[in-house]
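Structure in structure tokens, see below.
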Amino acid sequence: MQHDSLHRFLIENTNVRGEWVHLDDTWQQLLACADYPAVVKKVLGEALAATMLLSATLKYNGTLSLQINGNAAISLLLIQATSAGTVRGLARYKAEPKSDSLQDCFGEGNLVITIEPNDGGERYQGVVGLQKASLADAIADYFEQSEQLKTRLWLAADDASSAGLLLQRLPNANSEDDDGWNRTEQLAETVTAEELLSIDAQTLLYRLFNEENVRLFDAEPLQFQCGCSQAKIEAMIQSLGQKEAEGIIAEQEEIAIDCEFCNRHYQLDSIDVKRIFTENTVEAGTTVH
Ligand SMILES: [Zn+2]
């Protein structure tokens, strides 16, 4: 089994491309940061796989966030991936959802895809509602609306792994190619969560598309990495303002911050705060997350 990797593939002589993703250590590291109830864990794991599939589909150089805001059991789910293949994520929940349907988890809300380029270029944001029952269908909706591309996703997560499969009709396909799309979509529709979680890319693609000619590209490695740092924490404190920061020190003797993504603990005392506001080396306006 390939761990923490993504494979792109093409189904030759059709208008269909695809991606397969499997996350193990990455998923474990993300889970180690919080103690989630079973349903929240499942939805978070599926969102992780979905974000990696999205990240490989969209062309960008920077950070891609998948965020779902809700007013039911889960108020926020956030996965942030980078074009370098790293990812982090979290969920904030009030209760265990009754089921893993989007309605039970999030109630009324929306799914927001944000791309922030590294070079400071224009930020892109796409929003879709949560009318669909599953995250996979909500993301398919996103592609349909924002990119006019027929896309299907199949997602799965358990305690050990997070996995997914994506099929997409190529953007330059013409309507005469629809048979290839319909045929491969139906074949992929037979995939089970267990197959996604336990079978390697080559075996699974052969099992699903054995009468097709699948070209599988090399694995792209993925890993958990939180982008938080002492410098970003100090920049955040600087943006709070000196008065506010000194107020916290006066009250609590220190400023203690735990990164919600990786649990790393940051602690600053009065000497640190003095240094932050006398040095002007920290870039103002940047935030921790
Ligand atoms: Zn962190």
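The values are calculated or read from the model by the stated rules, or taken from the named source; none is laboratory data. Treat the numbers as computed from the prediction; the structure is a model and nothing was measured. So basically every Cβ, Gly included, is an ideal-geometry build from the backbone, and we count neighbours across all protein chains shown. Calculation scope for accessible area: heavy atoms of the full protein, side chains included, ligands and nucleic acids excluded. Shrake-Rupley method; radii C 1.70, N 1.55, O 1.52, S 1.80 Å.
Step by step: first the residues of the range 66-88, then only those that are under 23 Å from D159 (Cα atoms) and within 16 Å of the ligand (Cβ to nearest atom), then the one that is surrounded by the most Cβ atoms within 10 Å (Cβ to Cβ). Which residue is that?
The initial filter retains those residues of the range 66-88 that are under 23 Å from D159 (Cα atoms), namely 66-68, 73-81, 85-88.
With within 16 Å of the ligand (Cβ to nearest atom) added as a condition, the list becomes 78-81, 86-88.
Values: L78: 21, I79: 24, Q80: 22, A81: 22, T86: 18, V87: 26, R88: 24.
The extreme case among them is V87.
So, E108, is that one in contact with a Leu (Cβ under 6 Å, 6 or more places away or on another chain), charged (D, E, K, R) and either at pLDDT below 95 or closer than 27 Å to P221 by Cβ (or both) or not? Walk me through how you get there before you give the answer.
Numbers: in contact with a Leu (Cβ under 6 Å, 6 or more places away or on another chain): no; charged (D, E, K, R): yes; either at pLDDT below 95 or closer than 27 Å to P221 by Cβ (or both): yes.
Taking the combined requirement at face value, the residue does not satisfy it.
Are any of the residues in the range 118-132 at pLDDT 95 or above, touching a helix residue (DSSP H, G or I) at 6+ places or on another chain (Cβ under 8 Å), assigned to a loop (DSSP other than H, G, I, E, B) and open to solvent by less than 30 Å² (accessible area, probe 1.4 Å)?
no
Separate question: Do any residues in the range 226-239 that are over 15 Å from Q267 (Cβ atoms) have Cβ atoms under 9 Å from those of residues that are of a type in the set (D, E, K, R) and within 11 Å of the ligand (Cβ to nearest atom), where the two are at least six apart or on different chains, and which pairs are they?
As it stands, the answer is C226/R88; C226/R264; G227/R88, since those pairs meet every condition given.
For the range 224-239, state whether one or more residues are at pLDDT 95 or above, outside any loop (DSSP other than H, G, I, E, B), open to solvent by 40 Å² or more (accessible area, probe 1.4 Å) and more than 16 Å from the ligand (Cβ to nearest atom).
No: the range 224-239 contains no residue that is at pLDDT 95 or above, outside any loop (DSSP other than H, G, I, E, B), open to solvent by 40 Å² or more (accessible area, probe 1.4 Å) and more than 16 Å from the ligand (Cβ to nearest atom).
Quick check: anything in the range 34-47 open to solvent by 20 Å² or more (accessible area, probe 1.4 Å), within 16 Å of L155 (Cα to Cα) and basic (K, R)?
yes
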